[in-house]
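The values are calculated or read from the model by the stated rules, or taken from the named source; none is laboratory data. Model, not experiment: these values are computed from the prediction. Cβ placement follows ideal geometry from the backbone for every residue including glycine, while neighbour counts extend to all protein chains displayed.
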Amino acid sequence: MKQELNRVERSVKERLFVDKTLMNYWLYFFLLNGLTSGILGIILYFQKIIRIDKFYLRKKEYYEGIINYTEKYAQENGKYDEVKGELESLRNHYNVNFVNGINEIDLLKALLLPWVTFGIWAIVVQYKMNKSWNVFQIFEQKFDSQLSDIWIKLDLIKHPINFQTDPALKRNFWIQYLLIFVTLGIWFIVWDYKMHTDPDRIYKEFHTVEDFVLQTIKQ
């Protein structure tokens, strides 16, 4: 299980380089964007895409490490048959809703495809950026709930892992466009600010759970 432990620990350490807060939005909006003739706005747009994709890859490594560790722990402690069904359900949840259900935005596609799709792909990217952090937190909550049931049966923990989601991250994409139209474009600033700061609202919750999980499997 040493390999799986190292995999989880490595993914947790990577958050120092991945889970980063971008520059102050209002400093960018009121001062620096104008001074750079809009170039900084383009840079931040791509930074938000990169931040989402790197977080996705980091969590992918983390989830796979946790699932594999739990499976081997159950086998080595003679409890695999007891949790086999729940482990299969957890792995299926991961494959369907994370690996195949989220996917990366892909910076290269975000750069090239808007030109060949007459701007349509830019709307697709905006749609993904709007929902990504909410999808991440919803998946994490379900994953932690299923993992808790297994770990309690394996006597790894006594109480469920509690991940609290932030309801402010759930936004209807098309309502945002409607509000932009109704407010003559002003709402775009609000929407852009929200997407700029979305992960800052939930990083701490992710990190708290990861620290607890890592501490548990290192015991």
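Structure above, values below:
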read-out	value
Residues located in segment 102-116, provided they are of a type outside the set (A, V, I, L, M, F, W, C) and not in a helix (DSSP H, G or I)	Asn103, Glu104, Asp106
Residue in segment 154-176 that is surrounded by fewer than 16 Cβ atoms within 10 Å (Cβ to Cβ), out of contact with any helix residue (DSSP H, G or I) (no Cβ under 6 Å at 6 or more places or on another chain) and acidic (Asp, Glu) present	yes
Selection count where residues are of a type in the set (A, V, I, L, M, F, W, C) and surrounded by fewer than 18 Cβ atoms within 10 Å (Cβ to Cβ), scope segment 192-219	1
Top-ranked residue of segment 114-168 - restricted to ones that are acidic (Asp, Glu) and either in contact (Cβ under 8 Å) with a residue 24 or more places away in the chain or touching a Phe, Trp or Tyr at 6+ places or on another chain (Cβ under 7 Å) (or both), ranked as nearest to Asp200 (Cα to Cα)	Asp166
Failed item in (1) at pLDDT 95 or above; (2) more than 24 Å from Val8 (Cα to Cα), with Gly119 passing the rest	(1)
Near pairs, Cβ below 8 angstrom, 6+ apart or cross-chain, from segment 78-100 (more than 14 Å from Lys153 (Cβ to Cβ) and surrounded by 15 or more Cβ atoms within 10 Å (Cβ to Cβ)) to any residue that is aliphatic (A, V, I, L, M) and modelled with pLDDT of 95 or more	Arg91/Ile67; Tyr94/Ile67
